[in-house]
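Read through the structure below, which is laid out as structure tokens, and then see the notes.
The values are calculated or read from the model by the stated rules, or taken from the named source; none is laboratory data. All figures in this text were calculated on a predicted structure; none of them were measured in a lab. We place every Cβ from the backbone using ideal geometry, glycine too, and count neighbours over all the protein chains shown. Areas reflect the complete protein model, heavy atoms only, side chains present, ligands, DNA and RNA absent. Shrake-Rupley method; radii C 1.70, N 1.55, O 1.52, S 1.80 Å.
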Amino acid sequence: MSQIAVNVEGISKIYRLGVKERSSDNIAGMIWDFVRSPLNNFRKYRSLYRFDEAELQGLEAENGQMDDILWALKNVSFSVDEGEVVGIIGGNGAGKSTLLKILSRITPPTTGEVIIRGRVSSLLEVGTGFHPELTGRENVYLNGTILGMRKKEVDQRFDEIVAFSEVEKFLDTPVKRYSSGMRVRLAFAVAAHLEPEILIVDEVLAVGDAAFQQKCMNKMQDVGKEGRTVLFVSHNMPAVTSLCDRVIWLDQGKKVSEGPAREIVGDYLLAGSTTTACRQWNDTESAPAGRFARLLATRVITEKGDVAEHFDIQQPVGIQMEYEVLEGGEVMLPHFRVKNEDGVLVFVTLDHDPEWYQRPRPAGFYTSTVWIPGNFLNEGPYFVDCALITRHPDIPQFNELAVLSFAIAGSMEPGTARGDWPGRLSGVVSPVLEWKTDYRKG
Ligand SMILES: Nc1ncnc2c1ncn2[C@@H]1O[C@H](COP(=O)(O)OP(=O)(O)OP(=O)(O)O)[C@@H](O)[C@H]1O
Ligand SMILES: [Mg+2]
């Protein structure tokens with residue numbers, strides 16, 4: 001049984017966006033306000049952060065709909081086991097950084113309880129925990145001390161930290177002279193090498209260059225493998241799915257869901273996309289069109305012909321487009337491009353229906369459908385471009401990017417590529433291939 005490293009029980013964080021100014025309309029009042037202003041400012045400041053019980057209950061009742069109140073987090077609970085690498089995802093302002101700040105004890109929750117077992121090292125914003133006037137070297141020791149380490153312990157790690165950060169030349173320069181990339185390099189090196197039991201990292205990777213980002217990813221993976229806990233916030237979904245076992249999805253301060261990384265990231269991407277499983281243009285003015293053809297509708301369908309967004313991995317997926325040929329006499333190539341969540345083009349498929357192969361199409365209405373067999377695409381969300389060109393000459397008529405989306409969900413039913421393997425298989429496709437194993441007595 002693994003130990004729980006982090007337990008978060010119903011935490012909320014309320015911010016007051018500002019307290020309204022009250023101004024006097026006569027001189028005596030203004031002077032009085034001026035004299036009292038330090039006290040008022042103090043009260044205002046305090047009221048930004050303090051809420052008493054009665055007030056909180058009032059806020060609950062109003063469901064947080066007051067103008068100047070913002071629930072950065074609302075009743076969030078979860079727990080993380082020792083050695084787990086957990087991702088936290090969500091749109092801008094979802095509350096991710098607020099959550100990490102609470103876990104790092106930089107700010108207290110307004111309500112709720114946080115229990116943390118182990119020494120926490122966190123990397124929240126560029127250079128937090130660094131003193132700008134101190135040199136890189138001094139800051140490494142300062143951070144070690146904050147983490148409760150002795151000088152000797154930091155000495156032991158020092159070379160490793162410097163080597164990882166690649167800022168050796170600037171070690172004796174004050175940190176305020178560092179570029180933001182250099183600051184992040186050193187900060188990450190310190191956070192990851194001072195052997196915290198829990199490593200908390202908020203989106204810092206965005207600042208480093210590609211090579212350093214990869215190095216940080218590998219380091220975090222190692223930290224997880226060593227049995228230490230990692231909490232990682234990022235907007236980079238491929239990084240989240242490759243690094244994390246489990247993901248917690250926040251939206252507007254609330255936990256939407258948590259579960260296996262791929263699954264949750266897939267749901268999050270589909271929810272955030274403006275695409276759907278069906279698009280229809282009723283107004284011919286706005287419909288995507290060229291001189292010869294106009295797109296009328298495009299949709300993702302099941303075998304029964306129903307529009308659907310979610311498919312079991314064993315189920316065929318139909319992608320359909322309806323279009324009008326405005327001027328007859330051209331050979332046409334309707335086609336779809338299917339991309340996965342990493343933007344990888346999985347395949348392009350062109351209409352090769354023998355009936356229309358190299359045959360000019362007369363004016364009129366068409367519906368073309370292509371079928372993706374079951375057990376072909378791997379689990380995850382997909383995005384479809386819908387396009388049509390004429391041949392000889394090749395003239396694009398419409399090309400709608402990521403106009404459709406759908407998701408494939410894995411299944412534990414027999415008959416998929418993973419056999420009885422419980423986890424998700426990696427890879428872009430997941431075909432069921434024929435296997436044969438011969439035995440010979442040795
Ligand atoms: N000190 C503060 N005072 C007032 N409001 C705050 C404060 N800190 C954060 N907020 C608000 O709380 C909400 C959550 O912010 P938070 O920084 O946690 O979001 P986030 O999920 O990290 O977003 P991003 O992806 O943009 O980093 C936001 O609406 C933000 O404006
Ligand atoms: Mg943030």
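Values as computed for the structure displayed
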{"read-out": "Loop trypsin sites (Lys or Arg not before Pro), the stretch 322-424 (other Cβ atoms within 10 Å of the site Cβ: 13 or fewer; DSSP)", "value": "R391"}
{"read-out": "FRET E, pair H352, C278, Förster distance 35 Å, beta-carbon r, rounded to 0.05", "value": "0.90"}
{"read-out": "The stretch 283-442 - Rg over Rh from alpha carbon coordinates, Kirkwood radius", "value": "1.09"}
{"read-out": "Residues of type lysines that K304 reaches as a straight line, Cα spacing below 27 Å, ignoring anything fewer than 8 places off in the same chain", "value": "K339"}
{"read-out": "Value of relative contact order over the stretch 278-409, rounded to a whole percent, pairs C-alpha under 8 Å and six or more apart", "value": "30 percent"}
{"read-out": "Loop-located GluC sites (Glu not before Pro) in the stretch 269-340, at most 16 other Cβ atoms within 10 Å (DSSP)", "value": "E285, E303, E309, E327"}
{"read-out": "Probe 1.4 Å, protein heavy atoms only - accessible area per residue of the stretch 350-442 in square angstrom", "value": "65 Å²"}
{"read-out": "For the stretch 81-130: rounded, prolate or oblate by the Cα gyration tensor [a/c cutoff 1.5]", "value": "rounded"}
{"read-out": "Share of carbon and sulfur in the accessible heavy-atom surface of the stretch 278-409 [1.4 Å probe, %]", "value": "50 percent"}
{"read-out": "Cα→Cβ-extended label distance, 7 Å offset, between D159 and K225, nm", "value": "2.3 nm"}
{"read-out": "Trypsin sites (Lys or Arg not before Pro) within the stretch 140-243, DSSP loop, no more than 11 other Cβ atoms inside 10 Å", "value": "R150"}
